[in-house]
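Okay, structure first, notes after.
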Amino acid sequence: MSHALQMKIRRVVPAVAVMVVFAMAVHAQDNPYRIAEGWPQLPAGIMWGAVISADADAQGNIWVFHRSDPTILQFAPSGKLLKSYGKGMFVQPHGMTIDREGNIWLTDAQAKDGKGMQVFKFSPDGKVLMTLGKAGVAAEGPDTFNGPTDVVVAPNGDIFVSDGHVANSNGRIVKFSKDGKFIKAWGKRGSGPGEMDTPHSIAMDSRGRLFVADRANSRIQIFDQDGRFLDQWKQFGRPSGVFIDKNDVIYVADSQSNAMLNPGFKRGLRVGSAKDGKVTAFIPFVEPEPDKNNNAGMEGVTADAMGNIYVGETTTQTLKKYVKSGR
């Protein structure tokens, strides 16, 4: 073996070793959380549907969007149901976020009988304050959606919607002003930088960057607010839901990873840093998988100011609260 070849091997092997160690660290995180048993309490007459999304308000109450009437539920920190509304309003409840003024934003990802394919802004008491999109119309235009999955609102009021949860649709992000006027859209179907395949959730960090759960591409894509591609992260699995708290802790729900769809990853919830992308904890999904090719479990995720995590599960139709094991 030549001296040049020996030197080349010496340079390559350490790099490969570092990559292997990093990959092992990502996949072998401890689970420092436990389930808070008995939380929440559903009153008689209300049953869970698929729990697709959740968010916490400034008072620590947990709002839930699920696929059974009434679709919108508000729980106190104790787990007591405080408020419910939204009966008969949605075709397929999907994304939820609460803005800085306490308003609730929701997306309806399918169309049927003249309803759906819209984004709604509600006041906390259930009054509709704004709608985006045309009811029952599936199209990729400046005032229409084709499977809107989630929504996030910037500090200045600009609105960003992840769109494209319909077969053969383009994956895109649509930007509106605070009064609902179309500004721009970006993205198309594909796997390259800035391209998307089922953008399933969207969140914003403290720097104003947009984190898009590009689910079918098994990655998170990061953009600035003008749509410029900044980075992509694959260490959080195959993301269905993404939430970032005020401290830039990122929570990513993975409901699809398996040996075929995303080899090397398991379904569950990954917690880490939106600043550097490091994964620090993993909560496994322990329920049986109904189908190796379908969603199973964790899709919606949020956290409160205390660091408690709330996870909505779809196939198992439940909401779980996770607290640090030492509490």
Note to self: So for the range 90-104 (the condition being over 23 Å from the mean Cα position of the chain (by Cα) and surrounded by fewer than 16 Cβ atoms within 10 Å (Cβ to Cβ)), does at least one residue qualify?
What the structure shows: no
Notebook entry, point to check: Does G208 satisfy the condition of being loosely packed, with under 14 Cβ neighbours inside 10 Å, assigned by TED's automatic domain parsing to the domain that holds V301 and not in a strand (DSSP E or B)?
Noted result: yes
Checklist line | Every residue from the range 188-215 that is without any contact (Cβ under 8 Å) to a residue 24 or more places away in the chain and within 17 Å of G147 (Cβ to Cβ) | finding: K188, G190
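Rundown of residues vs (1) among the hydrophobic types (A, V, I, L, M, F, W, C); (2) farther than 24 Å from V151 by Cα; (3) crowded, with 19+ Cβ neighbours inside 10 Å; (4) modelled with pLDDT of 95 or more, yes/no style:
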{"site": "F243", "(1), (2), (3), (4)": "yes, no, yes, yes"}
{"site": "D248", "(1), (2), (3), (4)": "no, no, no, yes"}
{"site": "A253", "(1), (2), (3), (4)": "yes, no, yes, yes"}
{"site": "Q256", "(1), (2), (3), (4)": "no, no, yes, no"}
{"site": "R270", "(1), (2), (3), (4)": "no, no, yes, yes"}
{"site": "A274", "(1), (2), (3), (4)": "yes, no, yes, yes"}
{"site": "P288", "(1), (2), (3), (4)": "no, yes, no, no"}
Next item on the list: Determine, yes or no, whether I183 is aliphatic (A, V, I, L, M), touching a Leu at 6+ places or on another chain (Cβ under 6 Å) and either without any contact (Cβ under 8 Å) to a residue 24 or more places away in the chain or surrounded by fewer than 22 Cβ atoms within 10 Å (Cβ to Cβ) (or both).
Entry: no
Check: For the range 217-257, which fully contained strands (runs of 3 or more DSSP E) count at least 2 residues that are more than 12 Å from S201 (Cα to Cα) and within 15 Å of the chain's Cα centre (by Cα)?
Finding: 249-254
Next item on the list: Return the only residue of G49, G95 being in a strand (DSSP E or B) and either at pLDDT below 95 or under 21 Å from F120 (Cβ atoms) (or both).
Entry: G95
Note to self: Considering only residues that are within 15 Å of I62 (Cα to Cα) and either acidic (D, E) or touching a Leu at 6+ places or on another chain (Cβ under 9 Å) (or both), which ones fall in the range 32-47?
What the structure shows: W39, P40, Q41, L42
Notebook entry, point to check: Within the range 158-180, can one find any residue that is basic (K, R), in contact with a strand residue (DSSP E or B) (Cβ under 8 Å, 6 or more places away or on another chain), without any contact (Cβ under 8 Å) to a residue 40 or more places away in the chain and not in a loop (DSSP other than H, G, I, E, B)?
Noted result: yes
Next item on the list: State all residues of the range 61-89 that are of a type in the set (K, R) and over 18 Å from the mean Cα position of the chain (by Cα); if no residue qualifies, say none.
Entry: K80, K83, K87
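The values are calculated or read from the model by the stated rules, or taken from the named source; none is laboratory data. Everything quoted here is computed from the prediction, not taken from an experiment. Positions of Cβ are backbone-derived with ideal geometry, glycine not excepted, and every protein chain shown enters the neighbour counts.
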